[in-house]
Amino acid sequence: MPNPSRDLADELQPAAAGTDSRLLLLAEADNVLVARMRIRAGEAILVEGAGVTLAADLPLGHKLARRAITAGDKILKYGAPIGTATEAIAAGTPVHVHNVRSDYTPTYHLMDAAKGGATS
């Protein structure tokens, strides 16, 4: 019988050897890792053997580049493309709306809202 008090995070495996256990690789083809918990700015972490110091907080569920991503490359999560890099993204850098355009929904920015428009 399942134990409801068991923490699901205890069952998840880290991304790969040499990668911080707070990061999760969802599919081998992915070029991003997912934060299993908040990782604070200034913390030193390992991303596939390379040391990285986070410049900003990485919230729970947010993505981090597993390896260098070139502008125009597809962002792969669950082994499927979820967006396109709008700029070069170094390994260990957060991957979010500031450097990715969604392939499925428009990406809105606060500046666009203030101007009364949106970008896709």
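The values are calculated or read from the model by the stated rules, or taken from the named source; none is laboratory data. Note that this is a predicted model, so its numbers are computed, not measured. Quick reminder, even Gly has a Cβ in these numbers, built from the backbone with ideal geometry, and neighbours come from all protein chains shown.
Screening Ala41 on (1) crowded, with 18+ Cβ neighbours inside 10 Å; (2) free of Cβ contacts under 8 Å to residues at least 24 places away in the same chain; (3) hydrophobic (A, V, I, L, M, F, W, C) shows it passes everything except condition (1). Considering segment 44-104, the qualifying strands (runs of 3 or more DSSP E), each wholly inside and each with 2 or more residues that are surrounded by 13 or more Cβ atoms within 10 Å (Cβ to Cβ) and within 10 Å of the chain's Cα centre (by Cα), run over 63-65, 74-77.
Listed here are the residues, each with its yes/no results for (1) of a type in the set (Gly, Ala, Ser); (2) modelled with pLDDT of 95 or more.
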site	(1), (2)
Ser5	yes, no
Leu33	no, yes
Leu54	no, no
Ala68	yes, yes
Leu76	no, yes
Ala80	yes, no
Thr84	no, yes
His98	no, no
Leu110	no, no
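Residues in segment 44-91 that are acidic (Asp, Glu) and in contact (Cβ under 8 Å) with a residue 24 or more places away in the chain: Glu48, Asp73.
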